[in-house]
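See below for the structure under consideration.
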Amino acid sequence: MLIDLHAHSTASDGTDTPAGLVAAAAAAGVEVLAITDHDTTAGWAAASAEARRTGVLLVPGAEITCRADGVSVHLLSYLHDPGHTELASVLAGSRTVRLQRARRMTELLSRDHPITWDDVLAQAASGATVGRPHVADALVAVGVVSSRDEAFATVLGDGSPYVLGLGAPHPVDGVRLVRSAGGVPVIAHCLASSRGRVVTEDVLEAMVEAGMGGVEVDHRDHSPSERVRLRAFAAQHGLLTTGSSDYHGTGKRNRLGENSTPRESLERIFALATGLEV
Ligand code: AMP
Ligand code: FE
Ligand code: FE
Ligand code: ZN
């Protein structure tokens, strides 16, 4: 059974609409798909309508931006109550902070490159969670770079003077918040050293203590040895493990269904969740 628990739509930085994402998953043979846009649940309704039409089992989720000691941490949440006031307000706050940061980064870029804020806004769907990928798309549109990949390899990479940090909640608070909203928190691609500095084992253990449900192990940014370490950590702490694509449409090379989650892990997610009936 092909179970892909991490994918993005135009509600954040993917290039398929929420319905298009589900249709693409069905076409790729994915039977269970989680929609996990950055800091928003805006894609859930359209995705779930398309899931009913195509027979895909949709797991509503989100990828919550967190930060620990300057290290970016992405926390997946499955099946939380989207009406939970505190979680909804933290996500709304992150979207606002992201918008301000993208605007400031665009100002910095515009000193050296022919890019305007309107160029960036033109790349994001209305109400979408804005991030570096939209700035990258604007740089492609005005001809500064030829692809998102090239943008991330140059002006938009970590450490670039044009790239600003992103204030975000601590992942331990993120885990508590997801649990209090009835969701199941699973940390995304947490040992992916190819993405930059990774979270410390101390933070991971504190997240487990706070109620983290699982870890995403099979992700293309994890090396074989990182997967071995993470599976051992999960076994030691009784965590479920997932495998996912982190699909972003044409914005990244990741293909739907390129990794899959064991059925047993999906069942544990359903058993742990109290926020939402599917
Ligand atoms: P931000 O959250 O605004 O800092 O942007 C990070 C986002 O950029 C993540 O969601 C990644 O999926 C995306 N990203 C990182 N590297 C690349 C890349 N090489 N090409 C396309 N998207 C990328
Ligand atoms: Fe993304
Ligand atoms: Fe992520
Ligand atoms: Zn993601």
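The values are calculated or read from the model by the stated rules, or taken from the named source; none is laboratory data. In this text, all values refer to a predicted model and were calculated from it rather than measured experimentally. Note that we place each Cβ from the backbone using ideal geometry, even for glycine, and neighbour counts take in every protein chain shown. Heavy atoms of the whole protein, side chains included, go into the accessibility calculation; ligands, DNA and RNA do not. Shrake-Rupley method; radii C 1.70, N 1.55, O 1.52, S 1.80 Å.
What does DSSP give for segment 20-153 in terms of the percent of beta bridges that are antiparallel, rounded to the nearest 5? Please list the in-between numbers first.
Numbers: 8 of 15 bridges.
The answer is about 55 percent antiparallel.
Using only Cα atoms and rounding to the nearest 10 degrees, what angle (0 to 90) does helix 44-54 make with the longest principal axis of the chain?
Approximately 60 degrees, to the nearest ten.
Give the distance, in whole Å, between the Cα centre of segment 133-185 and the Cα centre of segment 242-278.
Value for the Cα centre distance between the two parts: 20 Å.
Quickly work out the Q100-to-M1 label distance, labels modelled 7 Å from Cα along the C-beta direction, and quote it in nm with one decimal.
4.4
Once the Cα atoms of helix 85-110 and of the chain are each reduced to a long axis, what angle between those two axes, in degrees from 0 to 90 to the nearest 10, is obtained?
It works out to around 30 degrees.
Just grab the label-to-label distance for D221 and W117, each label 7 Å out from Cα along the Cβ direction, in nm (one decimal).
Going by the 7 Å Cα→Cβ label model, 2.8 nm.
Stretched out fully, how many nm does the piece from L108 to T274 gain, at 0.36 nm a residue minus the Cα gap?
Extra length from L108 to T274 when fully extended: 55.3 nm.
Where nothing but the Cβ of Lys and Arg (+1) and of Asp and Glu (-1) is charged, how large is the charge dipole of the chain around its Cα centre, in debye to the nearest 20?
Working: 24 positive and 33 negative charges, 34 e Å.
Charge dipole of the chain: 160 debye, to the nearest 20.
With a 1.4 Å probe and all protein chains left in place, how much accessible area per residue does segment 103-153 have, in Å²? Provide the component values of the computation, followed by the final result.
Details: 2430 Å² over 51 residues.
I get 48 Å² per residue for this part.
Excluding ligands, DNA and RNA, what is the solvent-accessible area per residue of segment 5-62 at a probe of 1.4 Å, expressed in Å²? Present the calculation step by step, with values, prior to reporting the outcome.
Working: 1680 Å² over 58 residues.
Roughly 29 Å² per residue, with all protein chains present.
Once the dipole of the chain is set up with Lys and Arg at +1 and Asp and Glu at -1 on Cβ about the Cα centre, which of T65, V155, V90 lies farthest towards its positive end?
The residue sitting most towards the positive pole is V155.
In the chain, what % of DSSP beta bridges are antiparallel (nearest 5)? Walk me through the numbers before you get to the answer.
Values: 12 of 28 bridges.
If we restrict to bridges inside the chain, about 45 percent are antiparallel.
Measure nothing but the geometry: give the 0 to 90° angle between the long axis through the Cα atoms of 132-141 and the longest principal axis through the Cα atoms of the chain, rounded to 10°.
The angle comes out at about 40 degrees.
For a quick check: with amide H placed at 1.01 Å from N, whose amide H comes under 5 Å from I64's, ignoring anything fewer than 5 positions away on the same chain?
Distant-sequence amide H within range of I64: D39, L75, L76, S77.
Using 0.36 nm per residue, how much length does the chain from A235 to S126 gain when fully extended, once their Cα-Cα distance is taken away?
35.0 nm
On a full-extension model of 0.36 nm per residue, what is the gain between T250 and V142, subtracting their alpha-carbon distance, rounded to one decimal in nm?
37.1 nm
Ranked from the most accessible area to the least, with a 1.4 Å probe and all protein chains present, what is the order of E86, E226, E31? Numbers along the way, then the final one.
On the way: E86 110, E226 15, E31 85 Å².
Final ranking, largest accessible area leading: E86, E31, E226.
Please label the shape of segment 1-92 as rounded, prolate or oblate, based on the square roots a ≥ b ≥ c of the eigenvalues of the alpha-carbon gyration tensor (a/c under 1.5 means rounded; beyond that, a/b larger than b/c means prolate, else oblate). Present the calculation step by step, with values, prior to reporting the outcome.
Numbers: a/c = 2.09, a/b = 1.70, b/c = 1.23.
Because a/c hits 1.5 or more and a/b exceeds b/c, segment 1-92 counts as prolate.
At most 15 other C-beta atoms within 10 Å and a DSSP loop state: those are the exposed trypsin sites (Lys or Arg not before Pro) I care about. Give me the longest piece of the chain that has none.
With a cap of 15 other Cβ atoms within 10 Å, the longest stretch comes to 1-110.
Expressed as a whole percentage, what fraction of the accessible surface of segment 103-153 belongs to carbon and sulfur atoms when a 1.4 Å probe is rolled over the protein heavy atoms? It would help to have the intermediate numbers written out before the result.
Numbers: 1130 of 2430 Å².
Looking at segment 103-153 in its full context, I get 46 percent from C and S.
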